[in-house]
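This report refers to the structure that appears directly beneath it.
The values are calculated or read from the model by the stated rules, or taken from the named source; none is laboratory data. Everything numeric in this text was worked out from a predicted model, so none of it was measured. Virtual Cβ from ideal backbone geometry, glycine too; neighbours counted across all protein chains shown. The protein model used for the area step is the full one, side chains on, heavy atoms only, and it has no ligands, DNA or RNA in it. Shrake-Rupley method; radii C 1.70, N 1.55, O 1.52, S 1.80 Å.
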Amino acid sequence: MILTKAQYEEIAQCLVSVPPTRQSLRKLKQRFPSQSQATLLSIFSQEYQKHIKRTHAKHHTPEAIESYYQRYLSGVGKNGAAPVLLELANEVDYAPSLMARIILERFLQGHEQTPPSKSVINSMLRDPSQIPDGVLANQVYQCIVNDCCYGPLVDCIKHAIGYEHEVLLRDLLLKKNLSFLDEDQLRAKGYDKTPDFILQVPVVMLCPLAVEGHIIHWIESKASFGDECSHHAYLHGQFWSYWNRFGPGLVIYWYGFIQELDCNRERGILLKASFPTDIVTLCHSTA
């Protein structure tokens, strides 16, 4: 789904006043029925992450942390089975999984002789049964399973979706009888920063493709929506690096992108929302 900047901003504006819940996502789908749910979910998640980054610091002052912890203790003291942490996170407009991390770290600091390591915290968030307090373990679990934008559960889902689309792209390349090297093969050859696929010929020479008059040497799969923030980060962190090393390439944003971002075609980076249907090799045969 390719959106104009104006269309994207209309969707983003609707997200300003809604909480990051699945119910909000359903309302967003009703408001924009022509947009796919996958596209709306990606935009929904990206916009909320921007909001969290803007407000992150205020939730991590010593005063804020102690206030949240005391409110947590007071809440579970009255009813340990109530979703105290989840309601607190929603009240202060902070991601439930991140609120759970704050409270868990504060709890461990008060019960351990040494500050908890990041690896210990991450392990407990992935498996709350490791938390040495049953009430807190349940509270953390409630936050993890009800967070649709952050946390270990969301990370696993994103990783799985990303891998699924890489497999889809691989299958499409194989169906087109295109020879390629994948990311693992390239790293085995010593490349430190690589796209998902490099196109090649049987003699291991690069076999560029002509896609709408643009030569393509590599393809990168992104199982997300390409907004300005993420795309510019990818450009400077990945795409221009690929271009410098391998030449022109194609980026597939499977959940769409802002149309105006596809402005580097002449410089060698092409954006698509799906795998191109018409591909012609430079030897004039249709793949």
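Structural remarks
- Diffusion coefficient, µm² s⁻¹, Stokes-Einstein with Kirkwood Rh over alpha-carbon pairs of region 87-234 at 10 °C and 1.306 mPa s: 84 µm²/s
- Taking only protein heavy atoms and a 1.4 Å probe, the accessible area of the chain is 54% carbon and sulfur.
- Per-residue [θ]222 nm for the chain (sum of -39500 (n - 2.57) over DSSP H runs n ≥ 4, rounded to 500): -16000 deg cm²/dmol
- Rolling a 1.4 Å probe over the protein chains gives Trp240 an accessible area of about 40 Å².
- Axis of helix 96-111 versus longest Cα principal axis of the chain: the two differ by about 50°, to the nearest ten degrees.
- For Ile215 and Leu153, a Förster radius of 30 Å and the Cβ-Cβ distance give a FRET efficiency of 0.15, rounded to the nearest 0.05.
- Ordered by solvent-accessible area of protein heavy atoms (1.4 Å probe), largest first, the residues Asp196, Asp155 come out as Asp155, Asp196.
- Using the 1.4 Å probe convention, the accessible area of the chain works out to 53 Å² per residue with neighbouring protein chains retained.
- Axis angle, to the nearest 10 degrees, between helix 62-78 and the longest C-alpha principal axis of the chain: 60 degrees.
- One quarter of the convex hull surface built on the alpha carbon atoms of the chain amounts to 18.0 nm², the projected area averaged over directions.
- Label-point gap, in nm, between Lys118 and Arg31 - each point 7 angstrom along Cα→Cβ: 3.5 nm
- Using alpha-carbon coordinates, inclination of helix 134-145 to the longest axis of the chain, degrees: 30 degrees
- Over all Cα atoms in region 24-89, the spread is summed up by Rg and Dmax: 16.8, 47 Å.
- Counted without the sites themselves, the longest stretch of the chain free of GluC sites (Glu not before Pro) in a DSSP loop having at most 15 other beta carbon atoms within 10 Å is 1-111.
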